[in-house]
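The values are calculated or read from the model by the stated rules, or taken from the named source; none is laboratory data. As the structure is a computational prediction, the values presented were derived from the model and not from experiment. All Cβ positions, even for glycine, are placed from backbone atoms using ideal geometry, and neighbour counts span all protein chains on display.
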Amino acid sequence: MLDFLKNHPFAVEAFFESSLVLTFTVPKEQLQDLIPECLELDTFQDKWAFVAVAMVQTKDLRPKGFPKFMGNDFFLIGYRVFVRYTTQAGKRLRGLYILKSETDKKKMEFRGNLFTHYNYSTTDIKQTEEESTKEIQSVKSKFKVIIDKNEENISLPQNSPFADWKEARRFAGPLPFTFTYNKETREVLIIEGVRQNWTPQPVKVIDYHFDFLDVLKLKNPVLANAFVIKNIPYYWKKGKIESWK
């Protein structure tokens with residue numbers, strides 16, 4: 001029964017007040033062992049693979065169609081790898097594979113681990129806004145990021161593999177699909193997200209550190225892009241399961 005619940009058995013909706021996503025790149029060989037056998041890395045120039053850190057202020061998370069007062073408000077940090085999956089019908093889907101999820105609400109940790117395979121844990125989150133900057137940090141999770149709120153003519157991060165922001169937007173999550181793999185049953189859980197008015201805006205990153213990237217033992221990850229979106233309704237369809245090979 002609990003395994004069934006983890007497979008996203010009903011549609012869920014929420015409102016993203018803000019979503020800040022920093023995407024890092026490393027040579028694809030560094031990420032290959034972090035994803036299951038059913039997935040392949042979504043690469044750029046067949047050389048670079050990508051892991052993203054998403055920091056999302058989420059409001060009114062609830063089963064789709066339920067009233068807003070039944071929803072939950074929380075902050076989410078998600079660490080995801082950009083991947084591709086080929087369905088039984090031969091369709092190639094772009095999506096994300098979740099490595100780890102963190103939240104500032106214990107209730108969300110419990111429910112997240114009850115209804116998903118996304119490995120939620122609870123952490124502290126502190127957000128500080130000044131006239132021109134915003135800082136998000138966590139003592140427990142050992143991360144911080146500082147962005148410039150007012151910069152308009154933003155250049156790509158130094159050493160980004162992308163030529164321009166149009167190219168970089170291809171790797172601005174979240175992507176339409178999220179995948180989970182059950183190695184014992186060789187089944188893939190596919191969850192499709194539906195979004196509206198999705199226009200990621202480039203953002204200038206002043207400083208950052210994410211301890212989890214060190215935990216992954218990534219060598220010299222490069223900040224490839226950083227985007228922010230605000231005030232976006234979002235929902236996830238009921239999960240679909242299919243056998244792999």
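Given the residues VAL188, VAL145, VAL203, which is the only one that is farther than 30 Å from LEU93 by Cα and surrounded by 15 or more Cβ atoms within 10 Å (Cβ to Cβ)? Give the steps one after another, and end with the answer.
Details: VAL188 fails: farther than 30 Å from LEU93 by Cα; VAL203 fails: farther than 30 Å from LEU93 by Cα.
None of the others qualify; the one that does is VAL145.
Confirm whether LYS238 is assigned to a loop (DSSP other than H, G, I, E, B), at pLDDT below 90 and of a type in the set (Lys, Arg). Give the derivation first.
Working: assigned to a loop (DSSP other than H, G, I, E, B): yes; at pLDDT below 90: no; of a type in the set (Lys, Arg): yes.
Taking the combined requirement at face value, the residue does not satisfy it.
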Pick from ALA54, ALA14: which is of a type in the set (Gly, Ala, Ser), at pLDDT 95 or above and within 30 Å of VAL203 (Cβ to Cβ)?
-> ALA54
So how many residues does the stretch 33-73 have that are of a type outside the set (A, V, I, L, M) and either touching an Asp or Glu at 6+ places or on another chain (Cβ under 6 Å) or within 27 Å of GLU242 (Cα to Cα) (or both)?
-> 16
Among residues belonging to the stretch 48-94 that are closer than 20 Å to THR23 by Cα and basic (Lys, Arg), point out the one that is farthest from the chain's Cα centre (by Cα).
-> ARG84
Only unsatisfied item for GLU102, checking (1) surrounded by fewer than 18 Cβ atoms within 10 Å (Cβ to Cβ); (2) charged (D, E, K, R); (3) assigned to a strand (DSSP E or B), is (1)
Within the stretch 27-47, track down each residue that is outside any loop (DSSP other than H, G, I, E, B) and either closer than 15 Å to GLY95 by Cα or within 19 Å of the chain's Cα centre (by Cα) (or both).
-> LYS28, GLN30, GLN32, ASP33, LEU34, GLU40, LEU41, PHE44
Flagged in the stretch 134-164 as of a type in the set (D, E, K, R), part of a loop (DSSP other than H, G, I, E, B) and under 19 Å from the mean Cα position of the chain (by Cα), in numbering order, are LYS142
Conditions (1) modelled with pLDDT under 90; (2) surrounded by 12 or more Cβ atoms within 10 Å (Cβ to Cβ); (3) more than 30 Å from GLY239 (Cβ to Cβ); number of the one not met by ASN150 | (2)
Looking at this structure, is THR103 among the hydroxyl-bearing types (Ser, Thr, Tyr), modelled with pLDDT under 95 and more than 30 Å from ASN220 (Cα to Cα)?
-> no
Mind listing whichever residues of the stretch 17-27 are surrounded by fewer than 18 Cβ atoms within 10 Å (Cβ to Cβ) and over 18 Å from GLN201 (Cα atoms)?
-> PRO27
When the stretch 64-90 is examined, which residues are found to be over 30 Å from ALA226 (Cα atoms) and free of Cβ contacts under 8 Å to residues at least 60 places away in the same chain?
-> GLY65, PHE66, PRO67, LYS68, PHE69, MET70, ALA89, GLY90
Only listed residue being under 22 Å from GLN158 (Cα atoms) and either surrounded by fewer than 16 Cβ atoms within 10 Å (Cβ to Cβ) or not hydroxyl-bearing (Ser, Thr, Tyr) (or both), chosen from ASP73, ASP46 | ASP46
